[in-house]
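Please read the structure below before turning to the comments.
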Amino acid sequence: MNKPHQLERDSLGRLVFVDSHGTRHIGVHPVRAFPITAPGAGIGIMDQSGKELFWYPDVAVITKAELGLIEEELAAREFMPVIEKITHVSTFATPSIWDIETDRGPIRIRLKGEEDIRRIAGNTLLIADSNGMQFLIKDATQLDKVSKKLLDRFR
């Protein structure tokens, strides 16, 4: 009879998945199916080559101990500041420099082109700066009037 799987950390801090046969997969990482639109919808445990070892269909089925390990790992991998306000834009042509306020504090980013502003779902936008950093606008309709006006010039 197979025993249930297990998720743990080894002495080096790496995430280890022990499958139902007792095989240890070292250095695994969790991946959300829909990290922005449905973060609780499903999480896969992937090995170092990107092969899925296990699938959790919903975060509600994950034990508290395993969920803690998964959330720690995801927090380190899914750093995505949320834009709360656009305070200044250098020019309405691209490339342009944007001064923004995020949930992590104020920052200045460089937008290469209008194609770097992508609609994810509904009013959710993903903005990539020239360094490849991703910034999220959860709901563009909830931004203040000035931010909306500046953003509309680029969409």
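The values are calculated or read from the model by the stated rules, or taken from the named source; none is laboratory data. Bear in mind the structure is a predicted one, so any value in this text is a computation, not a measurement. Quick reminder, even Gly has a Cβ in these numbers, built from the backbone with ideal geometry, and neighbours come from all protein chains shown.
Can you give me the ranges of the strands (runs of 3 or more DSSP E) entirely in the stretch 109-155 with at least 1 residues that are at pLDDT below 95 and loosely packed, with under 13 Cβ neighbours inside 10 Å?
It comes to 117-121.
Out of 70, 43, 62, 100, I need the residue that is closer than 15 Å to residue 127 by Cβ and either out of contact with any Phe, Trp or Tyr (no Cβ under 9 Å at 6 or more places or on another chain) or aliphatic (A, V, I, L, M) (or both). Which one?
Result: 100 is the single residue among 70, 43, 62, 100 that is closer than 15 Å to residue 127 by Cβ and either out of contact with any Phe, Trp or Tyr (no Cβ under 9 Å at 6 or more places or on another chain) or aliphatic (A, V, I, L, M) (or both).
What number goes with the only condition from (1) over 20 Å from the mean Cα position of the chain (by Cα); (2) modelled with pLDDT under 95; (3) not assigned by TED's automatic domain parsing to the domain that holds residue 117 that residue 16 does not pass?
Checking residue 16 against (1) over 20 Å from the mean Cα position of the chain (by Cα); (2) modelled with pLDDT under 95; (3) not assigned by TED's automatic domain parsing to the domain that holds residue 117, the one that fails is (2).
Every residue in the stretch 1-38 that is of a type outside the set (S, T, N, Q), within 30 Å of residue 122 (Cβ to Cβ) and either in contact with an Asp or Glu (Cβ under 6 Å, 6 or more places away or on another chain) or in contact (Cβ under 8 Å) with a residue 12 or more places away in the chain (or both), please.
Selection gives 29, 30, 31, 32, 35, 36.
Restricting to the stretch 1-39, count the residues that are surrounded by 14 or more Cβ atoms within 10 Å (Cβ to Cβ), in a loop (DSSP other than H, G, I, E, B) and polar (S, T, N, Q).
Of the residues in that region, 0 qualify.
Would you mention how many residues in the stretch 99-108 are in contact with a Ser or Thr (Cβ under 7 Å, 6 or more places away or on another chain) and either modelled with pLDDT under 90 or acidic (Asp, Glu) (or both)?
The qualifying residues number 2.
So, of the residues in the stretch 71-95 that are more than 16 Å from residue 33 (Cα to Cα) and part of a helix (DSSP H, G or I), which turns out to be nearest to the chain's Cα centre (by Cα)?
In this case the residue turns out to be 76.
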